[in-house]
1. Of the residues 26, 60, 16, which exhibits the maximal mean-square fluctuation in a Gaussian network model of the chain defined by a 10 Å Cα contact cut-off?
2. Decide, for the stretch 28-99, between rounded, prolate and oblate: order the square roots of the alpha carbon gyration tensor eigenvalues as a ≥ b ≥ c, take rounded if a/c falls under 1.5, and otherwise choose prolate if a/b is larger than b/c, else oblate.
3. Using a probe of 1.4 angstrom, how much of the accessible area of the stretch 23-132 is carbon and sulfur, in percent?
4. By the gyration tensor of its Cα atoms, with a ≥ b ≥ c the square roots of the eigenvalues, what is the shape of the stretch 62-185: rounded for a/c under 1.5, prolate for a/b over b/c, or oblate?
5. Can you compute the helix-only [θ] at 222 nm over the chain? Use -39500 (n - 2.57) per DSSP H run of at least 4 residues, normalise by all residues, nearest 500 deg cm²/dmol.
6. What is the sum of charges around residue 124, taking Lys and Arg as +1, Asp and Glu as -1, for the other residues whose C-beta is under 14 Å from the C-beta of residue 124?
7. At a Förster radius of 41 Å, what calculated FRET efficiency corresponds to the Cβ-Cβ distance of residue 168 and residue 82, to the nearest 0.05?
8. When the chain is fully extended, how far beyond the present Cα-Cα distance does residue 71 get from residue 121, taking 0.36 nm per residue of separation?
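The values are calculated or read from the model by the stated rules, or taken from the named source; none is laboratory data. Owing to the predicted nature of the structure, the values given are computational and were not obtained by experimental measurement. A quick note on method: Cβ atoms are made from the backbone with ideal geometry, for glycine too, and the neighbour counts reach across all protein chains shown. The protein model used for the area step is the full one, side chains on, heavy atoms only, and it has no ligands, DNA or RNA in it. Shrake-Rupley method; radii C 1.70, N 1.55, O 1.52, S 1.80 Å.
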Amino acid sequence: AYKFPAHKVSSQILDIIFQVGRTGAITPVAVMKPTLVSGSTVSRATLHNEDEILRKDIRIGDYVIIHKAGDVIPEVVEVLKDLRTGSEKKFKFPEVCPVCSSKVERKKGESAYYCTNKNCYAVEKESINHFVSKKGFNIDGLGEKVVNQLLETGLISDPADIFLLKPEDFLTLDAIVKTSPLLFA
């Protein structure tokens, strides 16, 4: 099948934030001015890793060209260096985890940095989110917001705790009560 070239637009990088995944990998994410790309508004795009940011010379404040890779995932394609004013800030990878403040390290031969804390809250949370996702147990109605509230209220602390929950445990959660008031009626 013929694929049309990806629709490319420009936006400005307002900040670079960091996400911690279920393996502890820390991923830089560009926060951009909201921009319409291929039918949806994009305000964030993964920057993959430090090597990719340095290769493209991405800075906070840069104007960039973005598109949706595979018509789905927002991606920074290139920096519009001619539009630089001198006020752009060079990127610096954090020395500590943005969630738990533990030391981060980059393993030899890898491009990712990792949180060194095996009990990092973000790692635990993302592990549970993966566990309940389509790639895991595919538990309908147990999305990220519900998992976050279950963790915050102390109803779960690891994936196995999900199987110990009772229907009434969900009634205390805003994410359930607000979206499904008749769920347990």
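1. So, out of 26, 60, 16, the one fluctuating most is 60.
2. On the way: a/c = 1.80, a/b = 1.25, b/c = 1.45.
Oblate, because a/c is 1.5 or more while a/b does not exceed b/c.
3. Values: 3110 of 6130 Å².
Its accessible area is 51 percent carbon and sulfur atoms.
4. Values: a/c = 2.56, a/b = 1.75, b/c = 1.46.
Cα axes put the stretch 62-185 in the prolate bin.
5. -5500 deg cm²/dmol
6. Residues near residue 124 contribute -2 overall.
7. E(calc), rounded to 0.05, equals 0.10.
8. 14.8 nm
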